[in-house]
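Notes for the one structure printed next.
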Amino acid sequence: MGQLLLNRAALAVISLVASALMATITYADAPAPNALRAGLEQFALAASGWNTSGTGVLGQRRKPRQQALYEEAESARTGGDFEQAGKVLAGMDEGYWSALGYLNLSSAYARNDLNPSRALVALRVALAMAEKDPHSRRKTALRSRILLRAGYLAYTNSEYEKAIGFLERIPLDSHKTPQALYFHGLALSQQGNHRAAMQSWHRAKKYPLAYPGVAESWLGMGRGYDLSGYLGQAGEAYLAANGAYESERVTLRKLASQVEDQGAYTALVLNSQGLGNRSADWFLADSRTLSQPRTAYLLQFMEQPAGQKAVDRVADLSQMAVTLERNIADLDVFIAAISGQLELPAVVQPATEAETLKAGIAVLEARLSGLRERASGKAMTPDQRLQLNAMKTTLSDLQQQLDRFPARVTDRNGRLEQLLARARQLRQKSQVHLESVAALQIQAEDALDSLALEFLAGQDRRMVFALDKTEQQIAHLYEYLALQGLDSGEHGK
């Protein structure tokens, strides 16, 4: 059994020889490592497939099944087949897409039905479906839209208490909150609670006028004072609304000027601030969220499909440009490294050292053969047989590496020159792609600028309309006061 035990000294010698050979081969082959080749292959992929990544506007990605079913339901709904749309939605999984489908179906019901009960049922189903959405922020935004729609439908059906219940469930940090506050005040006003209605409208006034419901809330304050019998304060409220609308027109002109100077992507998207944190109290909490006009107008702009596509297109092209610029910079580093290695002399081991290594391997192979012959007639354990086979394989691999070593050293410069040519070719292709992306980015930014300026012009027209309404209210109020004064004078006579 002692003869079957492996000679530990022989193993140590094999390890030392293997380490020496691998160090020698690695040092001689260092100018062309596998990592360098792999890096060049990655750059080749980036240069040739930059517009087929499968993400963003320019790439194509297979739609999820639930999204595909949602679009099928939308196709049926827009075609007037509400029953088929409902069947498709009923077969979908709970989550975002089914909730969005039921929300849209409720809009169709509301437009076609005199009684909103069917639309409200669809909205309740949409709420239940939205609860299963794993993305919390998306779920919250969709819930706000559903609750606002439900509150409005209940209000138009004169179910004011139900409307108030829906609207008060909308979180304060939603950009739907201003409109919810406006409808909340309307519902309270219909119940005769003008003071509480004015409190809701006062809360809505704290938001930028870009949001739906804010301009109407400014007018509502004057109307609330009027209905409460405070005509002087009503006039002051109308004058305050008039000043707010004028100030907002100045803000819109400044934003339009920034869009013209900096571009819409920079002026609206990059310079906008994020949203604040959720507040636990819907009505009494101090709202410090969504308070920037720039952010408010961006959110309203992004609710338009054309606006979303335009912004996404510019963002994708900007990211492509950054990626290509980074690839070009990295390729410059590769090119400099390979050029530097070509200027260095090739490292060639002396022939005597190579012969010494070969002789050492031959001695080890002979000793291993003798050990296998002595053990051939003995019973060996599987581990012992495995160790002998592993030693034989190691020596064979070392011999093959040593045989290929001279050719690899001789062909060093040739392979480096091939890598250098490939790197330069990839850099040239990346530069061409970068120029193409830059040209497309200019076109996309111009299209986005046109859409943004048109949107801001529409917002300005909305402010002009609101100004006309306040001036009419002021004129009616003064006319009423004048007539009241005349009546008082006649009674005095």
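Return yes when Arg145 is assigned to a helix (DSSP H, G or I), free of Cβ contacts under 8 Å to residues at least 12 places away in the same chain and at negative phi and no when it is not.
no
Can you tell which of Leu172, Leu209, Leu147 is within 26 Å of the chain's Cα centre (by Cα) and under 19 Å from Ser291 (Cβ atoms)?
Residue meeting the stated conditions: Leu172.
Residue-wise test of (1) in contact with a strand residue (DSSP E or B) (Cβ under 9 Å, 6 or more places away or on another chain); (2) at pLDDT 95 or above; (3) closer than 20 Å to Gln300 by Cβ.
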{"position": "Tyr182", "(1), (2), (3)": "no, yes, yes"}
{"position": "Asn193", "(1), (2), (3)": "no, no, no"}
{"position": "Lys205", "(1), (2), (3)": "no, no, yes"}
{"position": "Tyr211", "(1), (2), (3)": "no, no, yes"}
{"position": "Gly222", "(1), (2), (3)": "no, no, no"}
{"position": "Ser228", "(1), (2), (3)": "no, no, no"}
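Count, please, the residues in region 454-493 that happen to be over 45 Å from the mean Cα position of the chain (by Cα), acidic (Asp, Glu) and at pLDDT 75 or above.
1
Report yes if Glu353 is surrounded by 12 or more Cβ atoms within 10 Å (Cβ to Cβ), at pLDDT below 90, in a helix (DSSP H, G or I) and of a type in the set (Asp, Glu), otherwise no.
no
In region 158-176, how many are farther than 18 Å from Leu103 by Cα and either touching a Cys at 6+ places or on another chain (Cβ under 8 Å) or among the polar types (S, T, N, Q) (or both)?
1
Counting only residues that are of a type in the set (Ser, Thr, Tyr), give me the helices (runs of 4 or more DSSP H) lying completely in region 173-244 with at least 2 of them.
177-190, 214-228
Farther than 25 Å from Gly185 by Cα and more than 24 Å from the chain's Cα centre (by Cα): which single residue out of Val121, Val125 fits that description?
After ruling out the rest, the residue left standing is Val125.
Pairs please, first residue from region 410-439 and closer than 15 Å to Asp332 by Cα, second anywhere and of a type in the set (Ser, Thr, Tyr) and at pLDDT 90 or above, Cβ atoms under 8 Å, 6+ apart in sequence or on different chains.
Once the first residue is closer than 15 Å to Asp332 by Cα and sits in region 410-439, no partner that is of a type in the set (Ser, Thr, Tyr) and at pLDDT 90 or above comes close enough.
Across region 126-136, what is the number of residues that are in contact (Cβ under 8 Å) with a residue 24 or more places away in the chain and assigned to a helix (DSSP H, G or I)?
So the count comes out to 5.
Which residue out of Leu453, Leu440, Leu416 is hydrophobic (A, V, I, L, M, F, W, C), surrounded by 17 or more Cβ atoms within 10 Å (Cβ to Cβ) and within 30 Å of Leu317 (Cα to Cα)?
One residue alone meets the criteria, Leu440.
Which one is nearest to Asp312 (Cα to Cα), of the residues in region 213-267 that are polar (S, T, N, Q) and in contact (Cβ under 8 Å) with a residue 40 or more places away in the chain?
Among residues in region 213-267 that are polar (S, T, N, Q) and in contact (Cβ under 8 Å) with a residue 40 or more places away in the chain, the one nearest to Asp312 (Cα to Cα) is Thr251.
If a residue must be of a type in the set (D, E, K, R), touching a helix residue (DSSP H, G or I) at 6+ places or on another chain (Cβ under 6 Å) and within 19 Å of Leu153 (Cα to Cα), how many such residues does region 71-115 contain?
Selection size over region 71-115: 0.
Restricting region 387-439 to residues that are polar (S, T, N, Q) and farther than 30 Å from Leu364 by Cβ, which is modelled with the lowest pLDDT?
Of everything passing the filter in region 387-439, Asn413 is modelled with the lowest pLDDT.
List pairs: first residue in region 356-369 and over 12 Å from Ser396 (Cβ atoms), second residue part of a helix (DSSP H, G or I) and not hydrophobic (A, V, I, L, M, F, W, C) anywhere in the structure, Cβ distance under 6 angstrom, at least six positions apart or on different chains.
From region 356-369, no pairs qualify.
The values are calculated or read from the model by the stated rules, or taken from the named source; none is laboratory data. None of these values were measured; they are calculated from a predicted model. All Cβ positions, glycine included, derive from the backbone under ideal geometry; neighbour counts span all protein chains shown.
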